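Report on the following structure.
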Amino acid sequence: MTDTTDRSATPPARQTTAYLKDLFKQVGFTIDARRGQNFLVDLNLLDLLERSAGVTPADAVLEVGSGTGALTERLARAAGRVVTVEIDPRLAQLARERVIECDNVHLVEGDVLAGKHRLAPEVLTAIEKARAACPQGRLLLVANLPYCVATPVISNLLALPRPFDSATVTVQREMAERMTAAAGSHSYNALSVWIGSQCRSEIVRILPPSVFWPRPKVDSAIVRLDLEPDRRARIADLERFHGFVRDIFCHRRKVMRGVLIRMAGGKQQPAAVEAVEAVYAAFGLGATTRAEEIPPDQFVELEREFFQRVD
């Protein structure tokens with residue numbers, strides 16, 4: 001029996017749960033909770049996401065999690081080029097049908113990640129092609145990010161030689177608070193430092209579970225990050241700095257002096273103790289200082305001083 005349902009028709013202004021359930025029933029799609037599949041049921045929020053990103057025709061946009069293509073379609077109208085990534089082949093087909101007439105969209109069907117610390121080569125290639133097609137514009141990350149990949153996607157993009165210029169994404173509220181946290185707050189962690197050392201950040205809006213289907217158990221948030229190239233340029237070695245921050249925060253509740261001594265070679269090595277003491281003296285740090293007390297910009301200086309004395 002031939003399916004004559006027109007799935008290309010424009011959905012209602014409010015993408016209701018009933019609409020999504022009917023659409024998914026037509027294609028035999030069931031929610032895979034492992035992939036963080038939560039769909040915004042109010043398309044006004046997708047409009048807010050796009051507006052908050054400030055997309056222009058000169059820009060190249062990366063979307064992770066194409067879903068049904070509702071946001072992809074909006075980005076295609078606003079941007080010069082769109083790279084959208086969807087791991088679920090059933091959703092990829094829905095998104096492909098939705099943007100079939102958009103010649104500025106490249107849909108990558110597959111995992112955005114090639115590992116915890118690497119983006120997939122196909123995604124990187126697609127990004128570079130989109131950049132080349134928009135030489136005067138920016139690279140923007142605009143996405144309703146699947147919760148399970150939000151941290152590695154943001155972290156790995158910021159580790160690239162040419163990262164995004166701006167990112168406007170929906171994530172879990174807890175992660176949004178970490179992304180925007182200041183030193184001394186309960187949410188401050190390694191991700192806060194990694195983002196805070198390179199970007200200006202803000203929470204645009206808190207989203208309750210009711211605006212998604214299926215409903216997540218926690219609040220979400222729209223977050224915007226804007227790269228600050230001058231601050232990023234102060235990081236001597238991005239990979240080394242990222243590793244340093246992660247190592248420090250693996251022991252965030254411990255006094256930082258002991259963690260640094262261990263990283264320098266251990267307390268049995270007099271040179272390691274001497275190097276760390278010199279770092280502490282240079283920054284005027286107290287003996288009980290912990291990692292969550294150090295602001296991102298000071299972490300950049302601290303990491304540079306540490307490796308100058310330890311190497």
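The numbers here are math on the coordinates, done by the rules we state, and not lab data. As the structure is a computational prediction, the values presented were derived from the model and not from experiment. Using ideal geometry, Cβ is built from the backbone for each residue, glycine included, and neighbour counts are taken over all protein chains shown.
Remarks
- Prolate is the label for the range 159-311, because a/c, from the alpha-carbon gyration tensor with a ≥ b ≥ c as root eigenvalues, is 1.5 or above and a/b exceeds b/c.
- Label-to-label distance, ASP22 versus ASP247, with points set 7 angstrom from Cα along the beta-carbon direction: 5.8 nm.
- Candidates GLY266, GLY286, PHE306 compared by Cα position along the dipole of the range 238-310: farthest toward the positive end lies GLY266, with charges placed on Cβ.
- Along its principal axes, the range 238-310 has C-alpha extents of 28, 25, 22 angstrom, given from the largest down.
- Set of aspartates and glutamates near LYS116 by C-alpha distance (under 15 Å), chain-local residues within fewer than 8 positions excluded: GLU239
- Shape descriptor for the range 17-232: Rg over Rh equals 0.94 (Cα atoms; Rh from the Kirkwood inverse mean 1/r).
- Prolate/oblate/rounded call for the range 59-148, Cα gyration tensor, a/c under 1.5 rounded: oblate
- Evaluated with a Cβ-only charge set (Lys, Arg +1; Asp, Glu -1), the chain carries a dipole of roughly 620 debye about its Cα centre, given to the nearest 20.
- For the range 35-85: rounded, prolate or oblate by the Cα gyration tensor [a/c cutoff 1.5]: oblate
- Exposure proxy ranking, count of Cβ atoms within 10 Å, fewest first, for ILE203, ILE127: ILE203, ILE127
- Radius ratio Rg over Rh of the range 205-256, counting only Cα atoms, Kirkwood formula for Rh: 1.19
- From the C-alpha gyration tensor of the range 97-182, square roots of 5λ in Å: 23, 15, 14
- Note on VAL255 and ARG51: with the Förster distance fixed at 45 Å, the Cβ-Cβ geometry gives a FRET efficiency of about 0.50.
- Distances between placed amide hydrogens fall under 5 Å for VAL61 paired with ARG81, VAL82, VAL83, LEU140, all partners being 5 or more residues away or on another chain.
- Set of lysines near LYS254 by C-alpha distance (under 17 Å), chain-local residues within fewer than 8 positions excluded: LYS267
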